[in-house]
1. Scan Met195, Met144 and give me the residue that is open to solvent by less than 20 Å² (accessible area, probe 1.4 Å), aliphatic (A, V, I, L, M) and at pLDDT 95 or above.
2. Can you confirm whether region 96-107 contains a residue that is under 22 Å from His288 (Cβ atoms), of a type in the set (Lys, Arg) and modelled with pLDDT of 95 or more?
3. Look through region 113-138, keep the residues that are open to solvent by 60 Å² or more (accessible area, probe 1.4 Å) and not hydrophobic (A, V, I, L, M, F, W, C), and return whichever of them is nearest to Gln39 (Cα to Cα).
4. Please verify whether region 280-296 includes one or more residues that are touching a residue at least 24 places away in the same chain (Cβ under 8 Å), surrounded by 17 or more Cβ atoms within 10 Å (Cβ to Cβ) and among the acidic types (Asp, Glu).
5. Which residue out of Ala258, Ala253 is in a helix (DSSP H, G or I), over 17 Å from the mean Cα position of the chain (by Cα) and farther than 21 Å from Leu91 by Cα?
6. Considering only residues that are polar (S, T, N, Q) and open to solvent by less than 30 Å² (accessible area, probe 1.4 Å), which ones fall in region 147-167?
7. Taking the conditions exactly as written (more than 19 Å from Ile143 (Cα to Cα), within 17 Å of the chain's Cα centre (by Cα) and exposed (fewer than 13 other Cβ atoms within 10 Å of the Cβ)), does Met213 satisfy them or not?
Amino acid sequence: MCKGSPQRVQCLHEFKNADLTAKRNEWHISLPGVAALGQVVLRDQRDLPMLYLTSNILAWLIPMGSLVIYAHMNEWQYRTWLGLGYVVSWLILFVERYILMLHYHSHLNIFKPEYRWMGYIISGLLPVAFGIPMATYYMHHVIMHHVENNHDEDISSTEKYDRTKISSFLRYWARFTLLIGLELPIYAYKRKRWMWLAALTASMGLFYPVMWMLMAISNSGTFWVFCVPHMVGLTAMAFGNYSQHIFVDPDNANSNYALTYNCLDTAGNQTTFNDGYHVLHHLQARLHWKELPETFHTKEGLET
């Protein structure tokens, strides 16, 4: 911008949005056989990145997590460093990518009807490795957050917080991470979501006792493989939701354009299934993640 020139907003036609053409970067290694499997089981071949990412997570976390627990059970000399290495690699390589895969898969199951059971690998098995009790994410995000749309009955709403203060985020984080196991079943009860209330009760009733039992087998190993991911995973989701709804217009909070924002032309969209298009996602929650940039540019289906 030239010195002394008035400030202005850059228009879409004035730059090339890399989100439209950039190479996908949601997974790390294209393991053999995954593409062929995708041809058989996926509803939409555009979701092959999710299958690659799932294969990467299973190939890395299962043997590494098992090794950490085994090392601690047998009191290996460098077991603490091994546990720390596991958590750091898990955090850098997979946390953001997995949570956003879980996000879009929860809105639109990626598998064909006859292979729908495979979806439970993403939504039922893997959440445990990321510290999320089964059934919690779908109930919290799809049923509650999108229905209540960041308003009063949404227990993850940001409206009541002063988002200029770090203390507000700390209060938000504490509520999100420590009370979700209590407030989410209460929400299901208030909304008469009886099936989900039962699912949440069973999930919470298994998740924490099983973690406690594992600690009896390997206290420190379970700490690194399950306890730390539990707090880090919930913290990541709390920060993600808080930051995506940090700029709420109090005079127009019912508008999807005023309760969140879009981030476009950023490398982060290539690792998060275009999660930056959050306004558009709130407008069309079941729109395929690959279509978000193009739909944003063509304005198809957007409210006026």
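The values are calculated or read from the model by the stated rules, or taken from the named source; none is laboratory data. Note that the structure is a prediction, hence the values are computed from the model and not measured. Every residue, glycine among them, receives a Cβ derived from its backbone with ideal geometry; neighbour counts consider all protein chains shown. Note: accessible area is taken over every heavy atom of the protein model, side chains too, but ligands, DNA and RNA are not part of it. Shrake-Rupley method; radii C 1.70, N 1.55, O 1.52, S 1.80 Å.
1. Of the residues listed, the single one that is open to solvent by less than 20 Å² (accessible area, probe 1.4 Å), aliphatic (A, V, I, L, M) and at pLDDT 95 or above is Met144.
2. Yes - at least one qualifying residue is present in region 96-107.
3. That would be Tyr115.
4. No, because not a single residue in region 280-296 is touching a residue at least 24 places away in the same chain (Cβ under 8 Å), surrounded by 17 or more Cβ atoms within 10 Å (Cβ to Cβ) and among the acidic types (Asp, Glu).
5. Result: Ala258 is the single residue among Ala258, Ala253 that is in a helix (DSSP H, G or I), over 17 Å from the mean Cα position of the chain (by Cα) and farther than 21 Å from Leu91 by Cα.
6. Of everything in region 147-167, those that are polar (S, T, N, Q) and open to solvent by less than 30 Å² (accessible area, probe 1.4 Å) turn out to be Asn149, Asn150, Ser156, Ser157, Thr158.
7. Criteria not met by Met213.
Rundown of residues vs (1) in contact with a helix residue (DSSP H, G or I) (Cβ under 7 Å, 6 or more places away or on another chain); (2) modelled with pLDDT under 95; (3) surrounded by fewer than 18 Cβ atoms within 10 Å (Cβ to Cβ), yes/no style:
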position	(1), (2), (3)
Ile186	no, no, yes
Leu206	no, yes, yes
Ser218	yes, yes, no
Val225	yes, no, no
